[in-house]
1. With a probe of 1.4 Å, find how much accessible area region 524-648 has per residue, and write the answer as a whole number in Å².
2. With the Cα gyration tensor of region 155-257 in hand, convert its eigenvalues to equivalent ellipsoid semi-axes via √(5λ) and list them largest first in whole Å.
3. Provide the FRET efficiency to the nearest 0.05 for the THR109-VAL643 pair, computing r from the beta carbons and using R0 = 35 Å.
4. Do any of LYS464/LYS515; LYS308/LYS337; LYS479/LYS515; LYS106/LYS160; LYS206/LYS286 go past 23 Å between their Cα atoms, and which?
5. Ranked highest first by the average count of other Cβ atoms within 10 Å around their residues, in what order do 490-503, 567-580 fall?
6. Determine the sum of side-chain charges near THR210: Lys and Arg each +1, Asp and Glu each -1, restricted to other residues whose C-beta is under 13 angstrom from that of THR210.
7. I want to verify the translational diffusion coefficient of region 321-475 in µm²/s; compute it with Stokes-Einstein, Rh as the Kirkwood radius over Cα pairs, at 4 °C and 1.567 mPa s.
8. With Cα extents along the principal axes in Å in mind, check (1) 75, 72, 65; (2) 77, 76, 65; (3) 78, 73, 54 and report the label derived from this structure.
Amino acid sequence: MSLLSATPHQPAVSEREARQVAEAAREQDWRKPSFAKELFLGRFRLDLIHPHPMPPDEDAQRGEQFLAKLRDFCETRVDSARIEREARIPDEVINGLKELGALGMKIDTKYGGLGLTQVYYNKALALVGSANPALGALLSAHQSIGVPQPLKIFGTQEQKDAFLPRLARTDISAFLLTEPDVGSDPARLATSAVPDGDDYVLDGVKLWTTNGVVADLLVVMARVPKSEGHKGGITAFVVEAASEGVTVENRNAFMGLRGLENGVTRFHRVRVPAANRIGAEGAGLKIALTTLNTGRLSLPAMCVGAGKWCLKIAREWSSVREQWGKPVAHHEAVGAKISFIAATTFALEAVLDLSSQMADEDRNDIRIEAALAKLFGSETAWLMADELVQIRGGRGFETADSLAARGERAVPAEQVLRDLRINRIFEGSTEIMHLLIAREAVDAHLSVAGDLIDPDKSLADKAKAGANAGVFYAKWFPKLVTGPGQLPRAYRDFHPAGHVDLSGHLRYVERSARKLARSTFYAMSRWQGRMETKQGFLARIVDIGAELFAMSAVCVRAELLRTTEAYGREAYQLADAFCGQSRIRVEELFGRLWSNTDDVDHKVVKGVLGGAYTWLEDGIVDPSGDGPWIADATPGASRKENVHRPIS
């Protein structure tokens, strides 16, 4: 059995064991319908999202009132240039957010919070993130993945009574999972929590602890050793940041989000009461994944804010900057970029609002929708910001301070590009999101045919699985041959008089969903147990699903706005533009499912790692410093100054 590299204090696990840990942590059942899951199975369930769900009037009124206060705060008390210059959010800004109640946006009013819906929480993050992305990251890390959310879902009443009032008004929280040599493979988690009487004793090091430098309360994932009376396993704890033995050893600095309070935290013989354990021993990863199901929506929320800002700047700049006798917006090369930004911003907001409203209603299982929103949002926001920099030309590459110093408007386009880059890594990198979504997308197949490709299953198990699979596919596969997408008048509600025709786009989504499901089936038939290694293929399957989901959300949102707003005609135009652009991307992805360079890429990678191409690296100098690639995380007492900085 080949083992992954491991330091002496880390558990050595095989790839298979790591997958088993992740599989055990994921939610196994589908008790509620899922639009995206059905889409991957070739079933276009428009009835699950149309008519577009709406928030109750009371929730909307409360949300709008808070947004008005937050907007005034952002316009009058947030100096984004100062945050960028000083690489720190001023204490008075954080205290002002506390006074507004922004720490408790998602906390129930009975605990002193604002009790906002997911829809309005995301609108608030988009707003504050547009003022400065580091502010959005602080509030998101505190509420989306920090202590409040896991307590809301898994906490005891005593824990909620003890911690939620603090978290709603005064205390900042952080989520601590990642370690210097542990990222998306938590089976190798090294931080330990050893039972000792009525306490657990924590030892270990956590990396990239967003909010960790200023946090008052921490959610810490640690491994409890199995022993008599203790099931053991990865477990979640609420830890007071001021506890003896907790040391923030470093405040990390990044290419973007310069105000981010992100650090390295060491635990040395930290005593945590058993009463602070969230859920049962061994339930930590399940708690983390469940928290992220809706917590991931915070990232596309801030991407929506960035897209809106990119559109505003692109519109204003392109109408005044002239080239060859006319504004640059009227040159097709620039106009295409502006159209992409406008259409994609509309689509991203449609995906976010639909997913968020479904989360609020709790009628649907949105684990795939939220993951798709995160994937789609982080990738497209980065592209929109990159296009804005290109539209601005040299000014896009110049800093806002430099622009102001020579008398021009201080537009921080390059900063937004830097700030957005982390979203493709935060809370599940694009590559991990592809794998996570792909696993959920093929869940129905694995449920009926998984034993057929499991090398550990007996012949009897495989025979039984084969029989079950035969029954399932005999009913399912014929339904992928034809559907409403082939009927010229299907979805005619989306072609109202006087508006562009969106019905053709929905017919395309329906046809493409069936094609996507057929492609997945062919791939499973072809590769069977090796399917999980075909990450390039799986990524394209997921990207097609993301585009189809976005097209669906866009059409449904356009129809909603047609019936509720004065700009319904314009919404239809944006929806038509996005769907046209998306269809081109989908066709390219379908083509690359079977015509690609995956095999030759694999050979090149083997050559690179084997040293076959080191001659290609000749002629350069490497400015990197000395030191190990991964810092030593051996448990023990800290030898560094504690840079923990509670907000006073």
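1. The answer is 63 Å² per residue.
2. Equivalent ellipsoid of region 155-257: 23, 20, 12 Å, largest first.
3. It comes out at approximately 0.50.
4. With Cα atoms farther than 23 Å apart: LYS464/LYS515.
5. 567-580, 490-503
6. Spelling it out: positives minus negatives among the neighbours equals 0.
7. Answer, rounded: 66 µm²/s.
8. (1)
The values are calculated or read from the model by the stated rules, or taken from the named source; none is laboratory data. All figures in this text were calculated on a predicted structure; none of them were measured in a lab. Note that each Cβ is placed from the backbone with ideal geometry, even for glycine, and that neighbours are counted across all protein chains shown. Note: accessible area is taken over every heavy atom of the protein model, side chains too, but ligands, DNA and RNA are not part of it. Shrake-Rupley method; radii C 1.70, N 1.55, O 1.52, S 1.80 Å.
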